[in-house]
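Peer 1: Provided herewith is a single structure, encoded as structure tokens, for subsequent inquiry.
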Amino acid sequence: MTRPPLIGVTTSEVRAAVLTRPLREGDPPQPEMALGMVYMRAVELAGGLPVVLPPLASERVAPLVEQLAGICLSGGPDLAPAGYGAPPDPHLGPTEPALDEFELRVAEHADRLGLPILGICRGSQALNVARGGTLHQHLPDVTDGSVEHRQTEPGHVATHPVRIEPGSRLAQILSADETDVNSFHHQAVAGLGRGLHAVAWAPDGTIEGVEGDEERLVLGVQWHAEGLVGRPEHLALFETLVREAGRSGMLQAA
């Protein structure tokens with residue numbers, strides 16, 4: 001029986017000890033990793049074995065990523081604009097530069113190894129920044145307000161459509177040139193990183209999907225697809241990651 005491929009999922013955030021709520025019977029307050037279980041479930045449903053990647057020091061990134069067959073860059077807080085050479089916008093939320101550094105190094109090393117990559121929301125932005133791209137720090141500054149990008153509905157509810165480039169890898173995966181998505185962000189891709197192309201847009205022009213020009217999967221979506229895996233087209237994103245990771249793992253083993 002073929003072993004399911006190991007998919008590394010980056011930590012969404014690291015919460016300070018003062019923000020944690022320890023049990024009386026548990027450990028004392030301390031910084032904690034946080035990642036929604038929906039990511040684990042999405043990878044599992046797609047046939048992969050998910051593992052959460054702790055934000056380690058830069059010199060530990062390579063030996064960690066080399067154990068994996070595929071990468072999912074998760075959602076999370078705003079990326080620090082210093083990572084793409086920009087001053088902070090007044091609307092910038094809390095950032096975690098150490099987590100940014102780790103996630104960017106993970107994306108870069110996955111690129112060097114030729115691993116399939118799927119970026120989700122912040123993860124799509126991190127993929128772009130890792131390749132030298134930039135971000136819009138606050139969408140209300142650059143859009144007409146016709147799309148609510150920070151919805152109040154639950155994550156399993158889709159609230160706006162996205163248009164997808166016909167013939168793109170994303171369109172092939174979703175089997176559609178348009179789909180409905182959820183939305184939990186106020187930042188988005190601005191200048192595209194090396195080898196990346198915009199392939200999906202919200203009605204207000206916001207970039208909602210980017211993909212690489214490589215044969216392997218290098219794909220970022222601005223929506224939280226992990227919350228929509230009850231819909232086959234969104235589960236297909238994770239299924240594609242797992243399928244390509246399986247091939248990648250077989251090539252590494254050979």
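Peer 1: Test of understanding: in a Gaussian network model of the chain with alpha carbons linked when under 10 Å, which of Val242, Val157, Val129 would top the mean-square fluctuation ranking?
Peer 2: Of the options given, Val157 has the highest mean-square fluctuation.
Peer 1: Test of understanding: extend the Cα→C-beta vector of Asp27 to 7 Å, then name every residue of the range 41-81 with backbone N under 14 Å from that spot.
Peer 2: Answer for this model: 54-55.
Peer 1: On a full-extension model of 0.36 nm per residue, what is the gain between Glu59 and Ala86, subtracting their alpha-carbon distance, rounded to one decimal in nm?
Peer 2: Answer, rounded to one decimal: 7.1 nm.
Peer 1: Calculate, for the chain, the solvent-accessible area per residue in square angstrom, rolling a 1.4 angstrom probe over the heavy atoms of the protein chains.
Peer 2: Here the residues of the chain average 47 Å² of exposed surface.
Peer 1: Which residue, Ser12, Ser175, Ser124, has the most motion in a Gaussian network model of the chain that connects Cα atoms within less than 10 Å?
Peer 2: Of Ser12, Ser175, Ser124, the most mobile in the Gaussian network model is Ser175.
Peer 1: Now for a separate question. Calculate, for Glu108 and Val52, the FRET efficiency according to 1/(1 + (r/R0)^6) with r their C-beta to C-beta distance and R0 25 Å; round to the nearest 0.05.
Peer 2: 0.80
Peer 1: Provide the per-residue ³J(HN,Hα) series for the range 4-9, in order, calculated from phi with Karplus coefficients 6.51, -1.76, 1.60 and θ = phi - 60°, each as a whole number of Hz, with x at glycine and proline positions.
Peer 2: Couplings: x, x, 8, 10, x, 10 Hz.
Peer 1: Is any residue of the range 95-117 close enough, with backbone N under 20 Å, to a label point placed 7 angstrom from the Cα of Arg247 along the Cα-Cβ axis, and if so, which?
Peer 2: 110-117
Peer 1: Same structure again: Quote to one decimal, in nm, the extra length available between Leu6 and Asp213 on full extension: 0.36 nm per residue of separation minus the C-alpha distance between them.
Peer 2: Gain in length upon complete extension: 72.1 nm.
Peer 1: List the relative contact order of the chain as a percent without decimals, with contacts defined as Cα pairs under 8 Å and 6+ residues apart.
Peer 2: Across the chain, relative contact order equals 21 percent.
Peer 1: Distance in nm between label sites at Arg194 and Glu101, each 7 Å beyond Cα in the beta-carbon direction?
Peer 2: 2.1 nm
Peer 1: Ok, one more. Report, in debye and to the nearest 20, how large the dipole of the chain comes out about its Cα centre when Lys and Arg carry +1 and Asp and Glu carry -1 on their Cβ.
Peer 2: Roughly 620 debye for the chain.
Peer 1: Using the Karplus curve 6.51 cos²θ - 1.76 cosθ + 1.60 with θ = phi - 60°, what ³J(HN,Hα) values do you get for each residue of the range 145-156, in whole Hz, with x for Gly and Pro?
Peer 2: With coefficients 6.51, -1.76 and 1.60, one gets x, 6, 10, 8, 8, 10, 6, 9, 6, x, x, 7 Hz.
Peer 1: Work from the charge dipole of the chain (Cβ charges, +1 for Lys and Arg, -1 for Asp and Glu, about the Cα centre) and give the residue of His186, His149, Val106 farthest towards its positive end.
Peer 2: Of His186, His149, Val106, it is Val106.
Peer 1: Let me ask something additional. Mind listing the phi-derived Karplus ³J(HN,Hα) values for the range 193-208, rounded to whole Hz, using 6.51, -1.76 and 1.60 with θ = phi - 60°, and x for any glycine or proline?
Peer 2: My calculation for the range 193-208 gives x, 4, x, 9, 10, 6, 10, 8, 9, 6, x, 8, x, 4, 5, 10 Hz in order.
Peer 1: May I pose another question? Modelled label-to-label distance, Asp177 and Gln67, 7 Å Cα→beta-carbon offset: nm?
Peer 2: Each label point lies 7 Å from its Cα, and together they span 4.5 nm.
Peer 1: Can you give the translational diffusion coefficient of the chain in µm²/s, computed by Stokes-Einstein from the Kirkwood radius over Cα pairs at 25 °C and 0.890 mPa s?
Peer 2: Roughly 134 µm²/s, to the nearest whole number.
Peer 1: Hey, what number do you get for the chain at 222 nm if only DSSP H runs of n ≥ 4 count, each worth -39500 (n - 2.57), divided across all residues, to the nearest 500?
Peer 2: Working: 6 runs with 68 residues, N = 254.
Only helices count here, giving -8000 deg cm²/dmol.
The values are calculated or read from the model by the stated rules, or taken from the named source; none is laboratory data. Computed from a predicted model, the values in this text were never measured in an experiment. Methodologically, a virtual Cβ is constructed for each residue, glycine included, from the backbone with ideal geometry; neighbour enumeration extends over all protein chains shown. Surface areas here come from the heavy atoms of the whole protein model, side chains and all, with no ligands, DNA or RNA. Shrake-Rupley method; radii C 1.70, N 1.55, O 1.52, S 1.80 Å.
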